[in-house]
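The values are calculated or read from the model by the stated rules, or taken from the named source; none is laboratory data. None of the values given here were measured: they were computed from a predicted structure. Methodologically, a virtual Cβ is constructed for each residue, glycine included, from the backbone with ideal geometry; neighbour enumeration extends over all protein chains shown. Just the protein is used for accessible areas: all its heavy atoms, side chains included, with ligands, DNA and RNA removed. Shrake-Rupley method; radii C 1.70, N 1.55, O 1.52, S 1.80 Å.
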Amino acid sequence: MAGGTGQVGREVVRLALDAGLDVTVLSRRPPSGTSRAHHDGARYFQADVTTGAGLAEALRGADVVIDCLEGQFGKARKNYADGGARLLAAASGAGVRKAVLLSIINCDRSAAAFYISKAAKERVYATSELETVVVRATQFHSLVAAVFHAGAKVRLIPVFKGARFQTISPSDVAFELVAEGMGEPSTERHRTRTIGGPDIRTMRELAEIWRKTTGHAGRIVEVPLPGAMGEYLRKGLNLVPSQRTGIDTFESWLAKREDSL
């Protein structure tokens, strides 16, 4: 498990352990035993995909690699695709048979820098010697919740004009990643599939749900979102109506999270 300490990665580790699998997590900074990112039963190795250090040891004996690594800013984003290439090369050398990558819906159709880096990493996976599966997900429930929470600090809850979302829970995404990892070998060497949340809602509808659930008294304010991300949302490139894979709605996800209240 690469990137096993983030919000999706932690869920992948938990589900894999629950399924009785032998789980190894590689991270630049492995969590302590008391951290919420640590799961008893998993083995943690210090490794760095930007340099390759520690990868061979962490991957020894692995059958499948699930990649939830992120690189949103600066050097990490610049080296994101190259890090994927190092991980795949080390996995191939260790005898791994399959690699599963978490990515973002229609990242190859956005000019946003983070999405461009995601698309570049997908292309690396498409040329790997390994069997690969790219799982593209719609935006997480936590993304819109974070936007609402940030604005509520000044009693204003921003919603992007004209934006609709099909948000999905990290646990639903993790379930699909584990299922792909455990699946039988495919006759198709490199596959891409897209998964989405159960509901398509306007951002205002999500804000109203968030405000009611959390008890925040902020005023909902509609604001324009310029640039590449605004264009991406206005075109509905974040939606996949035919693939309502997730079962955890925004409401049910909020109800499970004490820190959202």
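Annotations for the structure displayed:
Quick grid of which residues meet (1) part of a loop (DSSP other than H, G, I, E, B); (2) touching a Leu at 6+ places or on another chain (Cβ under 9 Å); (3) of a type in the set (Val, Ile, Thr):
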{"position": "ALA207", "(1), (2), (3)": "no, no, no"}
{"position": "ILE220", "(1), (2), (3)": "no, yes, yes"}
{"position": "GLU231", "(1), (2), (3)": "no, yes, no"}
{"position": "LEU237", "(1), (2), (3)": "yes, no, no"}
{"position": "ARG244", "(1), (2), (3)": "yes, no, no"}
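- Qualifying residue in the stretch 125-143 (condition: of a type in the set (Phe, Trp, Tyr), open to solvent by less than 30 Å² (accessible area, probe 1.4 Å) and under 22 Å from GLY230 (Cβ atoms)): no
- Residue list for the stretch 27-62, restricted to those being part of a loop (DSSP other than H, G, I, E, B) and either more than 20 Å from LEU17 (Cβ to Cβ) or of a type in the set (Val, Ile, Thr) (or both): ARG28, ARG29, THR34, ASP48, VAL49, THR50, THR51, GLY52, ALA53, GLY54
- Residues (touching a helix residue (DSSP H, G or I) at 6+ places or on another chain (Cβ under 6 Å) and among the β-branched types (Val, Ile, Thr)) located in the stretch 26-61: VAL49, THR50
- Residue in the stretch 173-231 that is farthest from the chain's Cα centre (by Cα), counting only those that are hydroxyl-bearing (Ser, Thr, Tyr) and over 20 Å from ALA145 (Cα atoms): THR187
- Filter result for ARG86 (under 21 Å from SER186 (Cα atoms) and modelled with pLDDT of 95 or more): no
- Enumeration of residues in the stretch 195-206 that are free of Cβ contacts under 8 Å to residues at least 60 places away in the same chain and open to solvent by less than 10 Å² (accessible area, probe 1.4 Å): GLY197, MET203
- Leading residue by the ranking (nearest to MET229 (Cα to Cα)) among those in the stretch 163-181 that are open to solvent by less than 20 Å² (accessible area, probe 1.4 Å), assigned to a helix (DSSP H, G or I) and among the aliphatic types (A, V, I, L, M): VAL173
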